Amino acid sequence: MKNASQITLLISLFFAAAYPLTLSTEGSRVLSLYAIYFMWISLAESWNLVGGYAGLLNLGISAFFALGGVVGAVALFDGFPFIISLLLAGFAGAILGVALIPTFRLKSFYFAIATLVVPLVVKPMVEFLGNRADFTVPQTVILTPIGLYYSGLGLAGITIFGAYFLMRSRVGFALRALGDDELASSSLGINVLLYKSIAVLASGFIASAAGAYYLQIIGTINTTLFQNLNFSLFTIFMVIIGGIGTFEGPVLGAVVFSLINYYVTSQFPGSTIDTFILSLMIIGVAVLLPRGLVSSLHELRRRRTPIPVKERATG
């Protein structure tokens, strides 16, 4: 089943890469509409590394996301290419992740509360160092719709399979062990501090790179983005819907959640009914499918797959 999931995602990425080739020059303008899906997939994968595997409930992912947007804006304004701005934003997110290392001693919801105040701390620091709250880049460095599409597709693809190969390594096995039982993992000789740090740094890098990509979607970043909890809560909701601690869960959850959100907001513009419907969806998934869509589908498939019966050997 795991191999099937990997192959399915590879095929999906292949068709996504081929899709722009089927469009006319005029039709290619709609490609920018898909950029938000790639951003959410990358952000959901970044949170799944810490929340799904390492067992760290990070409620401050918006701080990494917003910081990436700010650093990306400064880098582009200073003349750096788009790819370099993504990397610089990612490194800034990793550095911010270092600041979370002292909080690893906190347990359970105490760690979550500590991460929740991170955006409130980083926001005034950014405003002081940048001497402004708005970070705008010239329109000449904003990507074309097809460039935005392929950049997002590349970011999402690298994020998905980067996380996949990381979790198949020694680091991934250690993170899974920490997520299951930190005390038992420590007694077995697993360096808790080291592997938690790796997870937070990798997650911070991805989330900040996604923030720099988001800048290309909207063209300007304001420091109020640090206080926008939607980028923290929606990301967690996506992972929960898809399946926390699974390879394909963040991808499925991000797509399902984004599609529903887009449809509801387009049908009821200027209304708060989207929050109501999405909240009901989260409650429904938590009650009916507590392990998420992916785990539930795997369980359903296992139940329907007949168990082979070995023939009794005859003498």
ask   = Based on the Cα gyration tensor of the chain, what are the three equivalent ellipsoid semi-axes, each the root of five times an eigenvalue, rounded to whole Å and given largest first?
value = 33, 26, 19
remark   = Quick tally, 1.4 Å probe accessible area for Asp180, Asp78, sorted with the most first, runs Asp180, Asp78
ask   = Taking each full run of DSSP H in the chain as one helix, which ones are at least 15 Å long along their axis (Cα atoms) and have mean Kyte-Doolittle hydropathy of at least 0.5?
value = 2-18, 35-47, 61-77, 82-100, 118-130, 145-167, 192-218, 230-242, 249-267, 273-288
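Tell me the relative contact order for the stretch 185-264 as a rounded percent, counting alpha carbon contacts under 8 Å between residues six or more apart.
Reported as a whole number, the value is 14 percent.
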task = Could you tell me the distance between the Cα centroids of the stretch 220-295 and the stretch 2-38, to the nearest Å?
result = 21
For the chain: relative contact order, % (alpha-carbon pairs under 8 angstrom, 6 or more apart) = 31
inquiry  = Assuming 0.36 nm per residue, please report the length gained on full extension of the stretch Ala17 to Lys107 beyond their Cα-Cα distance.
reply    = 28.1 nm
message = Considering just Cα atoms, how many Å³ per residue does the convex hull of the stretch 36-133 enclose?
response = 103
key: Shape metrics for the stretch 231-291, restricted to C-alpha atoms - Rg then Dmax, Å   = 11.5, 35
remark   = Summing -39500 (n - 2.57) over every DSSP H run of at least 4 in the chain, dividing by its residue total and rounding to the nearest 500, the 222 nm mean residue ellipticity is -22500 deg cm²/dmol
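The values are calculated or read from the model by the stated rules, or taken from the named source; none is laboratory data. Remember, it's a predicted structure, so these values are computed and weren't measured experimentally. The area values use the complete protein model at the heavy-atom level, side chains included, leaving out ligands, DNA and RNA. Shrake-Rupley method; radii C 1.70, N 1.55, O 1.52, S 1.80 Å.
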